[in-house]
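*Asks:* If you scroll down you'll find the structure; I have some questions about it.
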Amino acid sequence: MKRSCALWLLALCRGASALAVSLLLAGCAISSISNPFKSGDDPGAPLPPAPGVAANAAAAPAAAPALNGPGSNQCPPVVAWPHDRLVTLYEAGHANDALAIIHRGEITKLARECQFYGDRVVVKYGVAGRVLLGPKGKPGPVRLPLSVKVADANHRVLARDAMQVSTVIQQQNPVGYFSVVKEISFQVAVGTRVQDYKVFVAFGPGQGPG
């Protein structure tokens, strides 16, 4: 009787050990599958400095304009194409030379909210960004041209705006920040939705539709 009990307990222990090992392996497999993002990359990380631009620039982002309120859900999106959200100033005669960069401007944040007056939409938009000092740059005030336009689904431009954004780069910190909030309005055509339109933001003349 004692021998049969011992054999029964031994078999039970072996089965429990096998089950524990199976659960442990299953746990490892689940952990591996449920976390496919192992690189640590942050899709919302700020843009990296251009070659030659101050690598020790402060990592703090520009302050986001206080928009994107309740009215933003029915607003046209505000976008900046990758080639429009960057502008680099070089020394004369040294274009595309990383060691000749004076400064580089970057648009890092966009926001908007809308008000409606019949078939007319007024978009209050915000743009924030930073200016990084390059090897040939000097501390001081910097002004950059910014253009804004509204286009419909057929790339027809309905409204335009232009301005200068400015910042001051300090001697002890090779990065300056800018932020601006303005308004632009356009008429919504019959048979279209507000979401069919887009507000394009760019440095200089811009390269968006139109």
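The values are calculated or read from the model by the stated rules, or taken from the named source; none is laboratory data. Since this is a predicted model, take the numbers as computed values, not measurements. All Cβ positions, even for glycine, are placed from backbone atoms using ideal geometry, and neighbour counts span all protein chains on display.
*Asks:* Scan the stretch 108-146 for residues that are under 11 Å from Val165 (Cα atoms) and surrounded by 18 or more Cβ atoms within 10 Å (Cβ to Cβ) and jot them down.
*Replies:* Pass one, the stretch 108-146, residues under 11 Å from Val165 (Cα atoms): 127-131, 141-146.
Hits for the stretch 108-146 are Val127, Ala128, Gly129, Arg130, Val131, Val142, Leu144, Leu146.
*Asks:* For the stretch 182-209, which residues satisfy the criterion of being modelled with pLDDT of 95 or more, surrounded by 15 or more Cβ atoms within 10 Å (Cβ to Cβ) and within 23 Å of the chain's Cα centre (by Cα)?
*Replies:* Once the filter is applied, which keeps residues that are modelled with pLDDT of 95 or more, surrounded by 15 or more Cβ atoms within 10 Å (Cβ to Cβ) and within 23 Å of the chain's Cα centre (by Cα), the stretch 182-209 yields Ile184, Tyr197, Lys198, Val199, Phe200, Val201, Ala202, Phe203.
*Asks:* Give Thr167, Thr192 a once-over and let me know the one that is touching a residue at least 24 places away in the same chain (Cβ under 8 Å), more than 27 Å from Gln74 (Cα to Cα) and among the polar types (S, T, N, Q).
*Replies:* Values: Thr192 fails: more than 27 Å from Gln74 (Cα to Cα).
Thr167 is the lone residue from the list that is touching a residue at least 24 places away in the same chain (Cβ under 8 Å), more than 27 Å from Gln74 (Cα to Cα) and among the polar types (S, T, N, Q).
*Asks:* Related question: Which members of the stretch 72-96 meet the condition of being surrounded by fewer than 19 Cβ atoms within 10 Å (Cβ to Cβ), in contact with a Gly (Cβ under 8 Å, 6 or more places away or on another chain) and outside any strand (DSSP E or B)?
*Replies:* Correct list: Trp81 only.
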